[in-house]
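The structure follows.
The values are calculated or read from the model by the stated rules, or taken from the named source; none is laboratory data. These numbers come from a predicted model, not from an experiment. When we count neighbours, we look across all protein chains shown, and the Cβ atoms used for this are built from the backbone with ideal geometry, even at glycine. Ligands, DNA and RNA are excluded from the accessible area calculation, which covers all protein heavy atoms including side chains. Shrake-Rupley method; radii C 1.70, N 1.55, O 1.52, S 1.80 Å.
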Amino acid sequence: MESTETEKAEGWIEFYDSFMELFEFFCDNTTIHGTIRLNCSRRNKMKTGFWVVLFFCSFGMMYWQFGDTIHQYWSYPTNIAISLQSKQITFPAITVCNMNPYRFDQVHEYLNQLDHLAEATLSKLYGYNGSLHFHKDAEMLDLGVVMENTTDIDNGIFHLDQTITLENVDKEAEPTGKRQKVGFRLCNSTGGDCYYRSFWSGVDAFHEWYKFHFMNIMSEIPLMLEMPDNLLQKFILTCDVNGALCSRGSSHFHHPTYGSCVTLNGNRTDSKLWTTIKPGKMYGLTLTLKTDQNENMPILSSAAGAKVMIHNPDQSPLAEHEGFDIRPGTETSISIREDQVNRLGEPYSECTLDGSNLEFPLLYNSSYTQQSCLQSCFQYKMIQTCGCGYYFYPLPPGTEYCNYNKYPGWGHCFYKLYDTLLDHRLACYKKCPKQCSEITYQLSAGSSKWPTSGSKDQITKVLSKIAGYNRTSTGNDMAKLNVYFQELSLRSFDETPAMNIQNLLSTMGSQWSFWFGSSVLSVAEIAELVFDVAAMLIIVGYKKYGKKKEDNPNANVFVIQTDGMSDRDGRTLTTSQGQKETNNSEQKN
């Protein structure tokens, strides 16, 4: 009876007597597969060693896969989900240019000088001795028609720099008859650093050289000029959309190299955007264009026809980088498929919704696009580096376009900077992210001869009555354009996370189950094992420390005695483990 009373009662918290007992209990009772083999085979050291190696190899492989899975999660991969919707679709904006830029009266004299310099250059390089007649029959336009203030444009101080000439770059290749590079030489403002803008094609080199001088001449004229309606009526003869008459255009402007341009279905006016309810030509846009070939600026615009750009209604047409040409005397049909791309933002990508987080404001009065951002960024960099702006991009307030009279050496600076942009070495590509949501148009085009010889008379007769077309024309200066949807289906490309937190936990759980055949509760068992081991280490350490103190009670006593020194009362000070003992200095040991 007394022995029963003296038995040790079970407590709330108990620990094992040894680490061996702890690990044996864990191996016998855990739900992790294979651990019981570490205990039941302890009499066979070979089996025990085998299972220990197998257990830790499985443990290492599992955590290696854990690391790979977590690395994939932190890389934020995405999947593309493609969906197809059939609904009423908003018609895109269509910008059409006649590729026949005007010669303005205010700069006509300087353009004539440039034309004579071009004739001399062709004669020197290729032996062409005939007169080009660049300006004799060219149609000119007074800037007073389209601008209120034209007094400060022609100030009489511009001088054409005839030292910048086109020449053969490879002098050594000339005697051998090999193909030579052609270009023009540009130097910085001090003349200490020079650069050749060269081409293998003589036509391309001649066009770029002429364009460079043209930018200097036109530097005082705004890039985009609003054109009056009477100058555009002879360009677009007829316009029909969804089988009904359409307006002349939501906006119209003049581009220095692509001529008079009209943007149809843009959102810069109060007019409602067009929609289409059926596919096919009958429910699209049909234009009849008169493609004049007056050759106002034949070198800048050496092609005859019209330039067509199809873009989002709330975006500006970027004529320098978009569009394609249609030839006169043909009917061109363009079928459209609309795609919408939706990208995930941070942390999956660095896309932007509206460009509000950019380091600089956009120079285009339209919604954000990556191309408009790149051009704006380049223009700011151009002004910062060269002191003036590139003529074919909009200007920020308080700045002006470059010309070599005011800014000597700007051409050298521009082409060097532009090469860094083309090589993706300029920081603009990092500063201009893609759009988080954008609409793109996939185009398919085909053309045929129009009008035919049998229908030419009837068509020209009708156009002469309804659009004032000159019936004496041969009909080869007309072009017909059809733009329509191929099918009323919107393809949507939506980015979705390839691995979210649910997928991460599911993948890690599958790996844990594959290597150990256990569940999440087994993780709690391992955590309990770690806690028990830590507690055992603390207990064992405390016991060893207490036993060492009992065996040597004076081991931790430290006595500090100052020989021959006393305090004010003449007492010797002795310190032993935080305690002070005072003895009379006269007391003898």
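Under 8 Å by Cβ, and 6 or more places apart or on different chains, what pairs join a residue from region 436-457 that is over 20 Å from G323 (Cβ atoms) with one that is open to solvent by 80 Å² or more (accessible area, probe 1.4 Å)?
Note: pairs meeting the criteria are C436/L353; S437/L353.
I've got another one for you. Identify all residues within region 389-406 that are out of contact with any Gly (no Cβ under 6 Å at 6 or more places or on another chain) and under 17 Å from K211 (Cβ atoms); write none if there are none.
Step one: list which residues in region 389-406 are out of contact with any Gly (no Cβ under 6 Å at 6 or more places or on another chain), which gives 389-394, 396-398, 400, 402-406.
Those that are out of contact with any Gly (no Cβ under 6 Å at 6 or more places or on another chain) and under 17 Å from K211 (Cβ atoms): G389, Y390, Y391, F392, Y393, C402, N403, Y404.
Table: residues versus (1) at pLDDT 80 or above; (2) in contact with a strand residue (DSSP E or B) (Cβ under 8 Å, 6 or more places away or on another chain); (3) open to solvent by less than 90 Å² (accessible area, probe 1.4 Å); (4) at positive phi.
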residue: E2; (1), (2), (3), (4): no, no, no, no
residue: A9; (1), (2), (3), (4): no, no, yes, no
residue: D28; (1), (2), (3), (4): no, no, yes, no
residue: T31; (1), (2), (3), (4): no, no, yes, no
residue: L38; (1), (2), (3), (4): no, no, yes, no
residue: N44; (1), (2), (3), (4): no, no, yes, no
residue: F55; (1), (2), (3), (4): yes, no, yes, no
residue: D68; (1), (2), (3), (4): yes, no, yes, no
residue: N79; (1), (2), (3), (4): yes, yes, yes, no
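Identify the residue in region 520-547 that is surrounded by 14 or more Cβ atoms within 10 Å (Cβ to Cβ) and not hydrophobic (A, V, I, L, M, F, W, C) and, among all such residues, is nearest to Y76 (Cα to Cα).
Selected residue: S522.
With P328, P298 as the choices, which residue is in contact with a Gly (Cβ under 6 Å, 6 or more places away or on another chain), more than 30 Å from Q435 (Cβ to Cβ), assigned to a loop (DSSP other than H, G, I, E, B) and open to solvent by less than 60 Å² (accessible area, probe 1.4 Å)?
P328
Determine whether region 122-142 contains at least one residue that is part of a loop (DSSP other than H, G, I, E, B), farther than 15 Å from H213 by Cβ, under 40 Å from the mean Cα position of the chain (by Cα) and modelled with pLDDT under 80.
No; the residues of region 122-142 include none that is part of a loop (DSSP other than H, G, I, E, B), farther than 15 Å from H213 by Cβ, under 40 Å from the mean Cα position of the chain (by Cα) and modelled with pLDDT under 80.
Among (1) farther than 30 Å from D494 by Cα; (2) open to solvent by 50 Å² or more (accessible area, probe 1.4 Å); (3) of a type outside the set (A, V, I, L, M), which single condition is C386 missing?
Condition (2) is where C386 drops out.
Only one of (1) at pLDDT 80 or above; (2) β-branched (V, I, T); (3) under 30 Å from A118 (Cα atoms) fails for I299. Which number is that?
(1)
Which of the numbered conditions does V483 fail, given that it passes all the others? Conditions: (1) among the β-branched types (V, I, T); (2) modelled with pLDDT under 80; (3) open to solvent by less than 20 Å² (accessible area, probe 1.4 Å).
(2)
Does region 373-383 contain any residue that is part of a helix (DSSP H, G or I), of a type in the set (S, T, Y), open to solvent by 40 Å² or more (accessible area, probe 1.4 Å) and farther than 30 Å from H71 by Cβ? Show your work before the answer.
The first filter runs over region 373-383 and keeps only residues part of a helix (DSSP H, G or I), leaving 373-383.
Subsequent filtering for residues that are of a type in the set (S, T, Y) retains 376, 380.
Within this subset, residues satisfying the condition of being open to solvent by 40 Å² or more (accessible area, probe 1.4 Å) are 380.
Filter once more, so that each one left must be farther than 30 Å from H71 by Cβ: 380.
Checking region 373-383: at least one residue is part of a helix (DSSP H, G or I), of a type in the set (S, T, Y), open to solvent by 40 Å² or more (accessible area, probe 1.4 Å) and farther than 30 Å from H71 by Cβ.
Might you let me know whether region 492-515 holds any residue that is open to solvent by less than 30 Å² (accessible area, probe 1.4 Å) and outside any helix (DSSP H, G or I)?
Yes: one or more hits.
Can you tell me which of (1) in contact with a His (Cβ under 8 Å, 6 or more places away or on another chain); (2) closer than 30 Å to H252 by Cα; (3) modelled with pLDDT of 80 or more is the one F158 doesn't meet?
(1)
Can you go through M224, M215 and tell me which one is aliphatic (A, V, I, L, M) and modelled with pLDDT under 90?
Values: M215 fails: modelled with pLDDT under 90.
The unique qualifying residue is M224.
Continuing with the same structure: Just to verify a result, which residue in region 101-118, among those that are open to solvent by 10 Å² or more (accessible area, probe 1.4 Å) and over 18 Å from W209 (Cα atoms), is nearest to the chain's Cα centre (by Cα)?
Y102
Strands (runs of 3 or more DSSP E) wholly in region 229-292 with at least 1 residues that are out of contact with any helix residue (DSSP H, G or I) (no Cβ under 8 Å at 6 or more places or on another chain) and either at pLDDT below 85 or of a type in the set (G, A, S) (or both) - which ones?
251-255, 259-264
Same structure, new question: Which residues, counting only those in region 419-460, are among the hydroxyl-bearing types (S, T, Y), more than 30 Å from K290 (Cβ to Cβ) and open to solvent by 50 Å² or more (accessible area, probe 1.4 Å)?
Y429, S437
Which ones in region 375-404 are closer than 14 Å to F360 by Cβ and of a type in the set (S, T, Y)?
Passing the criteria: S376, Y380, Y393, T399.
Moving to a separate point now. Could you list all residues from region 83-100 that are of a type outside the set (V, I, T) and touching a Phe, Trp or Tyr at 6+ places or on another chain (Cβ under 7 Å)?
Result: F91, P92, C97, N98, M99.
State whether one or more residues within region 205-212 are in a strand (DSSP E or B), touching a residue at least 12 places away in the same chain (Cβ under 8 Å), open to solvent by less than 50 Å² (accessible area, probe 1.4 Å) and more than 14 Å from L125 (Cβ to Cβ).
no
Shifting gears a bit: Are there any pairs with C-beta distances below 7 angstrom linking a residue in region 305-317 that is closer than 18 Å to S437 by Cα and in a loop (DSSP other than H, G, I, E, B) to a residue that is aliphatic (A, V, I, L, M) and modelled with pLDDT of 90 or more, with the two at least 6 apart or on different chains, and if so which?
Matching pairs, first to second residue: N312/A93; N312/I439; P313/A93.
Looking at region 551-561, is at least one residue part of a helix (DSSP H, G or I), at pLDDT below 85 and surrounded by fewer than 14 Cβ atoms within 10 Å (Cβ to Cβ)?
Yes - at least one qualifying residue is present in region 551-561.
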